[in-house]
1. Among the lysines, which fall within straight-line cross-link reach of residue 480, defined as a Cα-Cα distance under 26 Å, with same-chain neighbours fewer than 8 residues apart omitted?
2. For the chain, list the DSSP H helices whose alpha carbon atoms reach 30 Å or more along the long axis and whose average Kyte-Doolittle value is 0.0 or above?
3. Among 412, 354, 439, pick out the residue whose Cα is farthest towards the positive end of the charge dipole of the stretch 294-440, where Lys and Arg carry +1 and Asp and Glu carry -1 on C-beta, about the Cα centre.
4. Sort out for me the Cα centre separation of the stretch 113-187 from the stretch 213-248, rounded to whole Å.
5. Could you calculate the contour length gain from residue 263 to residue 419, that is, 0.36 nm times the residue separation minus the distance between their Cα atoms, to one decimal place in nm?
6. I'd like the FRET efficiency for residue 92 and residue 51, computed as 1/(1 + (r/R0)^6) with the beta carbon distance as r and R0 of 60 Å, rounded to 0.05.
7. About the Cα centre of the chain, how large is the charge dipole given +1 on each Lys and Arg Cβ and -1 on each Asp and Glu Cβ? Please answer in debye to the nearest 20.
8. Place a point 7 Å from Cα of residue 24 in the direction of its Cβ. Which residues in the stretch 81-114 have their backbone N less than 20 Å from it?
Amino acid sequence: MEPRLRAVCDLMIPSMRENAGLHEYDGAIQDLSPDGVQAGLAALSSPSAPADHDEAHLAAFEEMLRVSFGELEDHRTNPLVHLDNMDLSVYEREYAPAEERTEARRRHLGAWPAAVEMALQSLDQVSRPTAAGLVEAVAGLASGLDDNDPTEADALAAHRRLVAHVQTAATDGEPDPAIGEEGLARLLSSGEGIDVDLAALKRQADEERDRLTSDLEEACALIRPGAPVADVVASLLADHPDADGVVDEARHQVEEAVAFTHERNLVPGLDGECLVGPTPPARRWAFAMMSWAGPYEPDAPSWYHITPPEPTWPVRQQEEWLEAFNRTTLPAITVHEVAPGHFAHGRVMRRVAGDVRKALMSVSFIEGWAHYCEQLCVEEGFRADDPRFRAGVAIEALVRVTRLAVSIGVHTSEMTIDEATQRFEQDAYLQGPAARSEANRATFDPTYGRYTWGKLEILKLREKARAAWGSEFSLPRFHKELLDLGAPPLGLMASGLGL
């Protein structure tokens, strides 16, 4: 790997190990101490005029790292950066023989005391809401470790110090989690090679919310003519499997979604195996997620992770959490996470050309693509005889577009966490802990509006390609040429397609 790209990868070790499958980083931790971060930033190349698409792609990531670590100092404000650094979940994937992964995991655990020391040095500006939103995930890092094992005992002792630090921040931290209007605009713009106007983006979010609300109303009218939309949605959300049944239903939906993607050739060359199972403890802040076989690792199954409610929760809280996996929206979630969404995209990532495209993935593109696929499946007739799928896509999309509105609101200090929770309840039909969880996520994941933003940019690009290619336009062609770019910054998609 050439030095300029290596310097970027060294500042993104958890992502390189997990998403790209660069297992030369196995067992390693990133130096997230104040001095370590400054050294990493100093190793980045100076900005220069990109000679081609891949150089522009690399330059966008260099700028994103300068903003996130240099200007916003994520390592000082956001425990998620350190949680990712310590997370052991990647070693559960079958990318190598079990003994190799076990040894790498042990080396990683052995580095926990150093990782915690770095975290304690750095995390001096954590807001109260950010810490509160992540304290359970930080505690979950140590799930399954044994105090009787010397290496694990040392790791647990260090981990307890980190948990205590985050708990203290959740009580004593500053009340405002906002990174500011300029900070959010810089963060969104830098990694995507695009100038973001937050006011314009907020208007797009409101327009998309209105469109989706109308689409949901039409679908609900087909399901229960004459009934109020809120009543129909409530009945749909209440129809869900129990905690044990969620994973089983998701497995059947994986087969259906993969078959449909093949039938319509929506992602050319789809192959591989996708398994379904519970989310690892450190990642249970999310309802569902994909852990794919990375571009650099030997082929192995990808995992569609589902997060059931904790059995220790009160019954009502478990019921409210399970509403997120109702039989109306779970198929839309599966399309998003599996095919033609993340799993299918991950299979293409294994075939893209060049290290820049294989290693550096725009999360806005990744999530935008998967969210676009939900709408694509409605357009292409997935479960066309059941209006519940169309309703489910609309409900899920309302959650995504509310994330965009909330991220802008929270980080420009125009919206409190309580107001954000109410927004999810009113606009996205989430209730109780699900709504609060989504609102809290804005504090430690300020760009989580990327789902809708990425989808809208891909839809605009599709229409541009349709106009430019004329009779030669087709969805398989558009999808292939777009995904051949890997997971490009949103602002580079058009030039990458020659548009």
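1. 358, 455, 460, 464
2. Values: long enough: 150-172 (33 Å, -0.20); 198-223 (37 Å, -0.46); 387-411 (36 Å, 0.76).
Span-like helices here: 387-411.
3. Farthest towards the positive pole: 354.
4. Comparing the Cα centres of the stretch 113-187 and the stretch 213-248, I get a distance of 38 Å.
5. Numbers: separation 156, 0.36 × 156 = 56.16 nm, distance 4.37 nm.
Stretched fully, the residue 263-residue 419 segment lengthens by 51.8 nm.
6. Numbers: r = 40 Å, r/R0 = 0.67.
Given R0 = 60 Å and the Cβ-Cβ separation, E is 0.90.
7. Details: 46 positive and 83 negative charges, 147 e Å.
That gives the chain a dipole magnitude of about 700 debye.
8. Correct set: 91, 95-97, 100-101, 104-105, 107-108.
Computed from the coordinates by the stated procedures, all read-outs in this text should not be read as laboratory data. Note that this is a predicted model, so its numbers are computed, not measured. Counting neighbours? That spans all protein chains shown, and the Cβs are built from the backbone with ideal geometry, glycine included.
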